[in-house]
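J.: Just passing along the structure, written as structure tokens.
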Amino acid sequence: MSRSAVAFFLLLTGAARSKLAPEFEAAPLTDEEKAKGLTQQVRQLSNSWFSFGSTIADEIDGEAEAYAALEKEEQQSGQRHYRRDGNRAATWARIKPFAIDITAVTNSQFQAFVRATKYKTEAEAFQWSFVLEALVKDAQVVAEVDGPTGYGRVKDAPHWMAVKGAYWRRPEGPGSSLRGRGGHPAVHISYKDAEAYCAWAGGGRRLPTEKEWEMAARGGLEDEPFPWGSQAAKAHERCNGWTGDFTKEGNDQADGWVGTAPVDAYEPNAYGIYNMVGTRLLLPLSLSLPLSLFACACRKSREAIG
């Protein structure tokens with residue numbers, strides 16, 4: 001996991017929207033936080049309940065039956081089970097007050113952290129990380145991956161290549177750079193790296209739990225598949241993801257981007273938080289699910305909100 005090309009969901013600058021949903025409000029930064037270039041935050045004002053997990057099982061053929069079978073298996077074994085995609089049927093969850101950055105941590109912010117602390121990421125220590133083949137422009141890099149001294153590809157997902165020399169400053173490996181991507185999210189960040197950044201950022205910041213992240217991502221909506229509602233049409237105008245035939249034609253760039261996009265490239269949700277879906281894989285604090293599937297957001301703990 002520590003060597004994965006997992007992106008870092010923490011955050012940049014940009015004023016929060018003037019009118020936020022009533023559950024959240026803008027949280028001002030201290031002078032020290034501003035000097036570090038940290039991100040504006042929004043904070044939850046009180047304890048809240050929300051629908052946590054998949055809320056559209058009754059709308060997809062076979063989903064309700066799959067969740068019922070999973071529940072039966074749990075009852076028989078006495079152990080908790082998850083689907084392969086990590087999903088579970090919806091349940092009500094209670095969240096205590098917390099604060100969250102309104103964007104992911106950018107390359108520029110992570111660079112400031114590295115300059116201040118001389119920190120070396122785990123991808124640098126291992127000297128390789130996973131890169132999506134479609135993002136690699138250098139044919140020699142691909143040849144080395146598949147060559148006798150290369151580290152190969154993920155067996156069940158061969159589009160992910162183990163690229164020597166790939167890390168946050170060289171996102172696609174040797175020959176790549178961050179030029180023009182200072183406002184894009186930092187990538188190739190491990191769980192340990194993310195925790196180190198949070199400790200440097202201070203103010204009680206930490207990685208979020210999966211439930212905290214999902215509540216923030218929903219933006220106050222319930223029983224909707226997307227942060228903006230139920231409309232799947234023109235999703236490329238609302239988030240950065242793969243558009244086109246993934247296996248054949250490649251990314252058609254309908255959303256304007258092949259790889260990552262600026263952290264505030266799309267409209268924020270009702271809480272004033274940007275890009276809660278798309279762009280990159282994310283890290284959570286919760287260890288109950290595969291880390292590469294969820295968010296890594298830098299937040300103040302509720303004790304530090306004040």
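J.: Please go through the range 154-184 and write out the trypsin sites (Lys or Arg not before Pro) that DSSP classes as loop and that have at most 15 other C-beta atoms within 10 Å. If you can, show how the numbers build up before the last one.
T.: Numbers: sites: 155, 164, 169, 179, 181; in loops: 155, 169, 179, 181.
When the trypsin sites (Lys or Arg not before Pro) of the range 154-184 are filtered for loop state and at most 15 Cβ neighbours within 10 Å, 155, 179 remain.
J.: How large is the accessible surface of residue 51 in square angstrom, using a 1.4 angstrom probe and rounding to the nearest 10?
T.: Probe radius 1.4 Å; accessible area of residue 51 about 20 Å².
J.: Hey, another quick one. Give me, ordered by chain and number, the residues 5 or more places off residue 221 or on other chains with an amide H under 5 Å from its own placed amide H.
T.: Result for residue 221 returns nothing.
J.: How long are the semi-axes of the ellipsoid equivalent to the range 97-214, from square roots of 5 times the Cα gyration tensor eigenvalues, in whole Å, largest first?
T.: Details: eigenvalues 167, 51, 34 Å².
Largest first, the range 97-214 gives 29, 16, 13 Å.
J.: How much accessible area does residue 209 have with a 1.4 Å probe, in Å² rounded to the nearest 10?
T.: 50 Å²
J.: Starting from 0.36 nm per residue, how many nanometres of slack lie between residue 137 and residue 46 once their C-alpha separation is accounted for? Walk me through the numbers on the way to the answer.
T.: On the way: separation 91, 0.36 × 91 = 32.76 nm, distance 4.84 nm.
Stretched fully, the residue 137-residue 46 segment lengthens by 27.9 nm.
J.: Follow-up question, since we're still on this one. Taking θ as phi - 60°, what are the ³J(HN,Hα) couplings along the range 91-101 by the Karplus curve (6.51, -1.76, 1.60), each to the nearest whole Hz, with x for Gly and Pro?
T.: Running phi through 6.51 cos²θ - 1.76 cosθ + 1.60 with θ = phi - 60° gives 8, 8, 10, 9, 10, 7, x, 8, 10, 9, 5 Hz.
The values are calculated or read from the model by the stated rules, or taken from the named source; none is laboratory data. Values in this document were obtained by computation on a predicted structure and should not be read as measured data. All Cβ positions, glycine included, derive from the backbone under ideal geometry; neighbour counts span all protein chains shown. Accessible surface is based on the protein model in full, side chains and every heavy atom, while ligands, DNA and RNA are left aside. Shrake-Rupley method; radii C 1.70, N 1.55, O 1.52, S 1.80 Å.
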